[in-house]
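Reading through the structure tokens given below for one structure.
The values are calculated or read from the model by the stated rules, or taken from the named source; none is laboratory data. Note that the structure is predicted; figures quoted are calculated from it, not measured. Please note: Cβ atoms are built from the backbone with ideal geometry, for glycine as well, and neighbour counts cover all protein chains shown. Note: areas computed on protein heavy atoms with side chains; ligands, DNA, RNA excluded. Shrake-Rupley method; radii C 1.70, N 1.55, O 1.52, S 1.80 Å.
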Amino acid sequence: MRRVIDSHVHMDGLGEDDAVIRRAREAGVDAVVAVGGSVESSAYALRLSEKYVGYVVPGVGVHPSEALNVDSVEAVRFVRMNADGASLVGEVGLDYSYPFARSEDVRERMRALCSGLVEVAAETGLPVSIHSRSAYRDTLDILRRHDVQGAVFHWYDGPLDTLRLILDQGYYVSATPAAEYSRGHRAVLEEAPMERILVETDSPVHLRRLGRRSEPADVWLTVHALAGIKGMEPGEVAGIATRNTETLFRLAP
Ligand SMILES: [Zn+2]
């Protein structure tokens, strides 16, 4: 039985794979989901999953921040060609909060990219790891339109009415170490039932409190913060989040 899974990591942003994975294993992290945010980082996640079989769970995707840097037809083609070796499509989504994403023109390009990638998930039956900021309803609309069966809105800290729609759709949200201090994120984690929450680090995001970048071993910070919010034991929270991750990403228990 796995103790905990970090459900959202950018392994390519960390480097030092062997050391990072050794520290994660030593900390009792029994798998990591390595998302792909570009063609290069998706290829990186796939390569790592061949080296750490059963430990690194690979995602292929293109992050919305790349919307102006990629040819969306090429990006979708790459993800479709590599979906076979992947356990999920992601990280994909929409983010209207970027300074470059103020115009409707750019937003439309973002939606086209996201929609194309989500379509691959729908065709292949793969679950999706979603990045969404200031674009929650539009993101949910794309998932619904393609009738995507499994999705997680990673680090969700959006409005609670949209959270209810996400949960109604059978989708998940994930908690990050920001569960310690972010008011919006904490409100979401109070509202969502534990049965729909995954835990993650989004490594290598900077950890304010520790003054360094995060890595998968730090997923216990998320577990402890979430346990505080839920008034539950950390071990119980880790266990439920782990089962949820196994269910969504269809990992053998
Ligand atoms: Zn991410």
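Filtering the stretch 114-139 to residues that are surrounded by 22 or more Cβ atoms within 10 Å (Cβ to Cβ) and either more than 16 Å from the ligand (Cβ to nearest atom) or at pLDDT below 95 (or both) leaves Val118, Val120, Ala121, Leu126, Tyr136.
When the criteria are applied in full, Asp157 meets the requirement of being outside any helix (DSSP H, G or I) and open to solvent by 20 Å² or more (accessible area, probe 1.4 Å). The set of residues from the stretch 1-11 being buried (at least 24 other Cβ atoms within 10 Å of the Cβ) and within 30 Å of Ala67 (Cβ to Cβ) comprises Ile5, Asp6, Ser7, His8, Val9, Met11. Being more than 25 Å from Val4 (Cα to Cα) and more than 16 Å from the ligand (Cβ to nearest atom) is the requirement here; does Ser65 meet it? No, not satisfied. Here Val32, Val20, Val79, Val57 are screened, and the one residue that is in a helix (DSSP H, G or I), open to solvent by less than 60 Å² (accessible area, probe 1.4 Å) and closer than 26 Å to Val237 by Cα is Val20. Of all residues in the stretch 165-218, those being closer than 22 Å to Gly235 by Cβ, in a loop (DSSP other than H, G, I, E, B) and among the hydrophobic types (A, V, I, L, M, F, W, C) number 1. When every residue of the stretch 96-108 is checked against the conditions, at least one turns out to be within 16 Å of the ligand (Cβ to nearest atom), touching a residue at least 24 places away in the same chain (Cβ under 8 Å), out of contact with any helix residue (DSSP H, G or I) (no Cβ under 8 Å at 6 or more places or on another chain) and not in a helix (DSSP H, G or I). Of the candidates Tyr96, Tyr52, the single residue that is open to solvent by 10 Å² or more (accessible area, probe 1.4 Å), under 24 Å from Val219 (Cα atoms) and not hydrophobic (A, V, I, L, M, F, W, C) is Tyr52. Only a single criterion out of (1) assigned to a helix (DSSP H, G or I); (2) in contact with an Asp or Glu (Cβ under 7 Å, 6 or more places away or on another chain); (3) touching a residue at least 60 places away in the same chain (Cβ under 8 Å) is not satisfied by Ser41, namely (3).
Is it fair to say Leu46 is outside any helix (DSSP H, G or I), open to solvent by less than 30 Å² (accessible area, probe 1.4 Å), among the aliphatic types (A, V, I, L, M) and under 30 Å from Arg144 (Cβ atoms)? No: the conditions fail for Leu46. Is it true that Leu14 is within 13 Å of the ligand (Cβ to nearest atom), more than 14 Å from the chain's Cα centre (by Cα) and buried (at least 16 other Cβ atoms within 10 Å of the Cβ)? Yes. Looking at Asp84, Asp71, which is the one that is loosely packed, with under 13 Cβ neighbours inside 10 Å, acidic (Asp, Glu) and within 30 Å of Arg23 (Cα to Cα)? Exactly one residue qualifies, and that residue is Asp84.
Among residues of the stretch 199-253 being without any contact (Cβ under 8 Å) to a residue 40 or more places away in the chain, aliphatic (A, V, I, L, M) and within 16 Å of Ala175 (Cβ to Cβ), the one that is surrounded by the fewest Cβ atoms within 10 Å (Cβ to Cβ) is Met232.
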